[in-house]
Amino acid sequence: MVSLTSGWSSKPKMRALYLSFYFGLFFLLAAPAYAYLDPGTGSLLLYAIVGIAATVLFGVRNLWHMLKGRVFLAGAAVAKGIPDIVFHSEGGSYWQVFQPVLTALSREGVSCAYVTPDAADPGLSFSLPGVRAFRPGGNMATIAWMNAASTGIVVSTTPHLDVYMLRRSKRVKRYIHLFHSPTDIAFYEKYAFDWYDCLLTVGSFQEPGIRELERKRGTARKQLLPAGCTYFDSMLGELARMPANRDEPRSVLYAPAWGARSSVLTYGSGIIDCLTREGIKVIFRPHPQFYVSYTALIRGIEKRFSGTALVEIDRGRTALASMARSDVLITDLSGILFDFACLFARPILLANSDVDPGGHEGEDLPAPLWDVAASRDLAYSLVDGIESLPGLVGRARSDANDQARKTHEFRDRSFYNFGSAGPAAARQVLAVLKGLS
């Protein structure tokens, strides 16, 4: 007899929903019908209704995704003769993560495929011997293609395998996650990596949290493969191709993080105002999502400083050019903090490092979280009121050499294979493939 919960019951989120459903069903069938409900009974009834609704909603959503996947798969061009290694990309912005690994495999004469939903993905036109790049269609068609893939290994940057739309194919032997950020796992949504077989880790700091979540959730022990952050390889190559700038960088790059922890939500244009009043040149680079979710705020800041010689707005594809022209970074807990530190080893002022890991993996991990502790270690100073900023910028500039030494030491002890993570990741993938045979 097949269990009603087979297939999902081993996953914590699904298990909770089913328990809510069965509890609610039992309560509704067993409870006598009286006109009066005391507060306790009313709470139980409300809980039951919410549980049933959540279960139905989750079931309908997954059924919808399954049906859409089959429809899109029927219309997707399924490629023939797929190699034993398939790289699955979410789009062109991830090309710099995959390119160093693909280049290393190509140099070794290894055949592989690169699958993307993005028609503008640079990987589709990047010629590498042995690498077959193609696009099954848009996002849904590509997910459907991946869910039916038949190959030895799939390498993907997409978290939540077998939780959201990207499902494990029965015809894939190993799933490997490739991290696209030099950070810990704490601020990914829950269950981000539970169903991967292997993780290409950025540094040893990721390992305790991964093992702790495995222990708490009873999930299979994953193979952790030391590799490093591959997009640093790409960024270092891009820096080397940039024209030499004879002028010393003397701008402050203000790049607030996205989300509730962002200092731009706290101060608005206050940080820029405070710096420009002292004649300090500022490059303002808001997270792209601000243009979607806080359009009025960001447009207001742009309008306020339009035509001001001391303020430049950066909306480029990457922050690399702005980082190269800046000698100080002001940010919150964010990915650009680690990029600026590792690539340039220049001073960082941390405007906001207070974060709530609620709803993320960090909620199930002991404090202190690595990202929070590391950002404080890398920062020259925490900002205690924006009035102190001009003075902090001046002191940070005068202590730049000492800060560079500390940053290099942090980078070397924290991250695997800085500048050569692509070849390291390629070796790990090949070792997994060899193990399959």
Task: Filtered residues of segment 286-303 (kept if surrounded by fewer than 17 Cβ atoms within 10 Å (Cβ to Cβ), within 25 Å of residue 379 (Cα to Cα) and in contact with a helix residue (DSSP H, G or I) (Cβ under 7 Å, 6 or more places away or on another chain)) - done: none
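Each row is one residue, and each column tells you yes or no for (1) surrounded by fewer than 19 Cβ atoms within 10 Å (Cβ to Cβ); (2) among the hydrophobic types (A, V, I, L, M, F, W, C).
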| site | (1), (2) |
| --- | --- |
| 104 | no, yes |
| 107 | yes, no |
| 130 | yes, no |
| 135 | no, no |
| 141 | no, yes |
| 154 | no, yes |
| 171 | yes, no |
| 181 | yes, no |
- [ ] Specify the residue that is farthest from residue 87 (Cα to Cα); the eligible residues are those in segment 203-225 that are outside any helix (DSSP H, G or I) and either in contact with a strand residue (DSSP E or B) (Cβ under 9 Å, 6 or more places away or on another chain) or not assigned by TED's automatic domain parsing to the domain that holds residue 425 (or both).
- [x] 203
Open item on the list: Out of everything in segment 405-437 that is among the aliphatic types (A, V, I, L, M) and in contact with a Lys or Arg (Cβ under 7 Å, 6 or more places away or on another chain), what residue ends up being modelled with the highest pLDDT?
Closed with: 432
Open item on the list: With the structure loaded, tell me whether residue 306 is surrounded by 17 or more Cβ atoms within 10 Å (Cβ to Cβ) and over 21 Å from residue 184 (Cα atoms) or whether it fails that test.
Closed with: no
Task: Among the residues listed as 333, 275, 239, 297, the single one being in contact (Cβ under 8 Å) with a residue 60 or more places away in the chain, within 26 Å of the chain's Cα centre (by Cα) and over 23 Å from residue 373 (Cα atoms) - done: 239
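Let's see how each residue does on (1) without any contact (Cβ under 8 Å) to a residue 12 or more places away in the chain; (2) of a type in the set (Ser, Thr, Tyr); (3) in a strand (DSSP E or B); (4) touching a Pro at 6+ places or on another chain (Cβ under 8 Å):
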position	(1), (2), (3), (4)
132	no, no, yes, yes
152	no, no, yes, no
158	no, yes, no, no
162	no, no, no, no
165	no, no, no, no
174	no, no, yes, no
183	no, yes, no, no
- [ ] Might you let me know whether segment 226-237 holds any residue that is assigned to a helix (DSSP H, G or I) and closer than 16 Å to residue 365 by Cα?
- [x] no
TODO: Could you grab me the full set of residues in segment 239-295 that are of a type in the set (S, T, N, Q), in contact with a Lys or Arg (Cβ under 7 Å, 6 or more places away or on another chain) and outside any loop (DSSP other than H, G, I, E, B)?
DONE: 251
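The values are calculated or read from the model by the stated rules, or taken from the named source; none is laboratory data. Everything numeric in this text was worked out from a predicted model, so none of it was measured. Cβ: placed from backbone, ideal geometry, glycine included. Neighbour counts: every protein chain shown.
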